[in-house]
Structure formats: structure tokens, C-alpha cells
1. In degrees, nearest 10, range 0 to 90: what is the angle between the Cα axis of helix A:370-379 and the longest Cα principal axis of chain A?
2. Picking from A:TYR390, A:TYR327, A:TYR92, which is most flexible by a Gaussian network model of chain A using Cα springs under 10 Å?
3. Comparing A:CYS52, A:CYS207, A:CYS416, which has the greatest mean-square fluctuation in the GNM of chain A with Cα pairs linked when under 10 Å apart?
4. For segment A:323-335, just list the computed ³J(HN,Hα) in residue order, Karplus coefficients 6.51, -1.76 and 1.60, θ = phi - 60°, integers in Hz, with x standing in for Gly and Pro.
5. Could you compute how fast segment A:73-123 diffuses translationally, taking Rh as the Kirkwood radius over C-alpha pairs and applying Stokes-Einstein at 4 °C with viscosity 1.567 mPa s? Give it in µm² per second.
6. May I ask you to give the solvent-accessible area per residue for segment A:108-197, in square angstrom, as obtained with a 1.4 angstrom probe?
7. How much net charge surrounds A:LYS273 when only other residues with a Cβ under 13 Å from its Cβ are counted (Lys, Arg +1; Asp, Glu -1)?
8. Expressed in nm to one decimal, what extension gain is obtained for the pair A:ASP270 and A:ARG258 from 0.36 nm per residue of sequence separation less their Cα-Cα distance?
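The values are calculated or read from the model by the stated rules, or taken from the named source; none is laboratory data. Keep in mind the model is a prediction, meaning the values are calculated, not measured. Cβ sites come from the backbone with ideal geometry, for glycine too, and all protein chains shown count toward neighbours. We work out accessible area using only protein heavy atoms, side chains counted, and drop any ligands, DNA or RNA first. Shrake-Rupley method; radii C 1.70, N 1.55, O 1.52, S 1.80 Å.
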Amino acid sequence: MGMRNRVYIDNIFRHEIADGTEVTLKGWLYNKRSSGKLVFLLLRDGTGTIQCTVYKPTVGDDMFGVADKIAQESSFTITGNIHKDERAPGGYEIQVSRVELIHQAVDYPITPKEHGPEFLMDNRHLWLRSKNQHAIMRIRHTVIKAIRDFFDGRGFTLVDTPIFTPAACEGTTTLFETEYFDSKAYLAQSGQLYAEAGAMALGKVYCFGPTFRAEKSKTRRHLTEFWMVEPEVAFNDLYDNMELAEDFLEYIVQTVLRERAQELNILERDTSKLANVKAPFPRVHYEEAVKIIRESGLPFESGNDFGAPDEAAISAKYDRPVIVHHYPAAVKAFYMKRDPNEPDKALAMDILAPEGYGEIVGGSQREDDYDTLLQRIKEHDLPPEAFDWYLDLRRYGSVPHAGFGLGVERTVTWICGIQHLREAIPFPRMIHRLKP
RNA sequence: UGCUCAGUAGCUCAAUGGCAGAGCAUUCGGCUGUUAACCGAAGGGUUGUAGGUUCGAGCCCUACCUGAGCAGCCA
């Protein structure tokens, strides 16, 4: 009895347990409806939600009183028989024979009505229990698993890169500074430079961890702490890099479509747009992208980097992610190699997600010549002594190599079809958000 | 950092410069089939803060605080 028959709601909806079986479920009250001698308890247990019907003549007055007084998000144990019923949400319910309260919740703040973003973010630790947030977290989990499976299946080695770093990686964005004994350390804004060292040791590597940027961004596309996966491959050029990235994105999206159909349905995602995400992706040279922007009616000066409206104009032309390559070297990072045939262009590529979700991938072939790289460091006013170890990679068996970074939250936001990056991570960190 | 908008009950929102309101949540009562259940009742307010205009300010003006959206930065 009891624990021996304990099951998860998931087991019931997957038909792993026969109709009529007596089971025990443990979870929290999602919602309740009562009707005199009948109480409907919506139980959630992390794997799903199921309706439990408590009928007064069956359980008796005392136990019915318990069921009738359970408040939203209280925890309880329920025992009863699985019953197929058209009237129950999902087609199955539990006909309850026993209810045991574990803990009564008092005044749960998130009611089954609408709430504003500030209130929900203040209650993020509770908001995660809601149906949509639950679905997003499950999709995020699958995205992360797909990322690891993809690289592991292709012989990549995970190389963890440090979070405390001595200096700027790219020298562009603002870094978080922290005390490090009697000196300063900075929180990593990218693991790329270390991943390059890893690639020279292990051939094909990826790093995957949190990154930190102290930019005072206040848009729905920015977090100060976000997760990024960065593959780096020795002997790959720009075009190998593009192929890797498009196969990678296809794998992630198709995996989510296959394994998280139910969650995408809860989020009311139009999956036909995701089904298009198959390699090869359209490839657009920077100068061609400039033409597209101008044709869309936006003013644009060649040589500039793209702004958010420019990216939207480009991606609007395609039904799948689009690769933009050969950006002006002047607007890109110091470590990117230039194209010998177009010396003012970097061997760089960005991937823009469809439906206006913007840049989700940024990558390049790296500069592999010692003297050129040293010159770039000086041109960008970076201290060469901080990069001595990085320059060593060009002194001892330098090879062409390339890699890219994929933003996990932007990818999750796009796949889920949601409006805010802050919902794509359990506890977002933003300029005005450090709690909970 | 700049521009725009917002702040009224625990939450979401109303209120022409003239008595501070509703729905949800909470408490109590009613109902065997509810689907964000429904019906009846009750409690719940220093209208973000400080000042100003006015016979009278939630509403108009000034400053500040807090947040949101957009831009820049980027993934």
C-alpha cells in the first residue's frame, strides 16, 4: 500500500499503468473547484497535472473536510483509482479514496489570473511552478541536453573554461570586476580564448557555462548573466564553421520538436516555423545584407554594424535562420582573421533567428598568424602582456581554426516563441534584477 | 546612458478636478461533474515619495524613487 504504489502523473498519461489501478500520488494543489459533495483537486507533481475527484460519501465527512480546505499550492498525498473520463482535463482522473495533507499553504501570491512582469519576477521562485514556466524549463533542459549530445556524438571534448579571468577577453564589453585576494579579477564574458587553447590540445572542443556582461542593457534580449556554448575546432575554416553551426541548430530544434511537442503546445508555439529549421541555411554576404536592408526602406551606411531593426529586415526575408558573413573587420573583435581576398572584411559569421528573434550565434575563423594577431591586439589598445599565453598558440604549431558561440537563452526564447529572455532562465540576472 | 510610458486593495485594473470602485485571492455560507467553475455575504486603502496650484487633487505642475518598452552594446 501507499508508497509501494507511488507513481508520477506522467506514468498515467503515458498509459504505463492500467485504467482502474489504485495508485498514490504526491504533489501540490494547482487549482481546486468544489461542488457541495464533490471536490475537484488539480494535482501537479512536476511531471504533469491531473484532476482528482473527492466524493463526500466515498471518503467520509472528515477526509472530505480536509480536501475541501486544501489551499492553492499546498502539498498533499492522494490515493485512488485511475479512471478514464471524458470530462477530466487530459481524459484521466483519480477517483480518490484517501487524502493526506502534508503542508497547508497560506495565501499563495500567484493566483490563476493575470499578473504583471515585476510581480512575477519578484516571485520567480514560485512562478516557476506555473504551467508555462514549467514548459519553458523543460524545453530549456532539452535544448541543453541536445547541445551536449550533438557535440559528444561528434567526438568533441568538453573543456571547462574559467569564470575568474585576469583581463578582458575581447576588450569590448564592460566586465564585472571583483576582488581577488590583493588584486582584481573579472567575470568571464566568453570562454573562447581558452577554448582555442583547448582545441590545440584536443582538436574538437566546446566550453559551456555562464558568461557575464556588465552592460546596462534594458531590453528583452539581454541578461547580465547568461549561458553560452562555444565550440572551437582546429583546422576548420569559416565555411566548415557555418556547416557545423547549421547542423547544430537543426539538431537542437528538431530534437525539441520531437521530444517536447507537449510543452510547445502548452506555449501555443507555431511549430511549422520550427519545422523549417533544416540545413543548409541561406548565406548572405555582408554587402548583400546591406542591399536587403536598403530595399526594405531603412537607411544604412555601408561599413556599419547591424542594429536590431536591420537584423529584423534581413531575417524577415527567410523562413529559417540566416547566416550573414564577411562583416567589416573594423566592427568585429581583434582575434578574427581577415579574408585575404577582401582585406577589409573579417572571416566572421552571425546567425539570425527567424521571426525577429535576432542574433543567436556569433562566430569566426580566428587569426592564426603571430605577428598579425599581435598587431591587432595593439590596434585595439589591449595590453599584449595579458595575451602572452594566447599568442603562444600562434608560436607553437599554429593552425587555421574556427568556432562560434550560441546563446542558450536566446535560443530557448526563440524556440518557445516567448517575448522575454528573462523567462528562458530559471533565475534571470538583469540590470534591475538580482533577487530572488 | 538617452527617449517613451507607467506606479490606486495581496494581484490585475477602473474612477470628467467633486463620496475610493470591480474582478481574482482570503474568510464564511450554498451546490455530484467542475474545466481560470458558479451563486450569496464579509474583511481588506497614508492612490510610489516630497513639495506646489486649487474652495477641492488619484487626476494638473515640479523634483525624486521604482519599474517596463525601445535604442546603443551584444549571445
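1. Once rounded, the angle reads 80 degrees.
2. A:TYR92
3. It is A:CYS52.
4. Result, ordered by residue: 9, 9, 9, 6, 5, x, 4, 4, 9, 10, 5, 5, 7 Hz.
5. Working: Rh = 13.8 Å.
Translational diffusion coefficient: 94 µm²/s.
6. Result: 52 Å² of accessible area for each residue.
7. It works out to a net charge of -1.
8. Residue separation times 0.36 nm, minus the Cα-Cα distance, leaves 2.9 nm.
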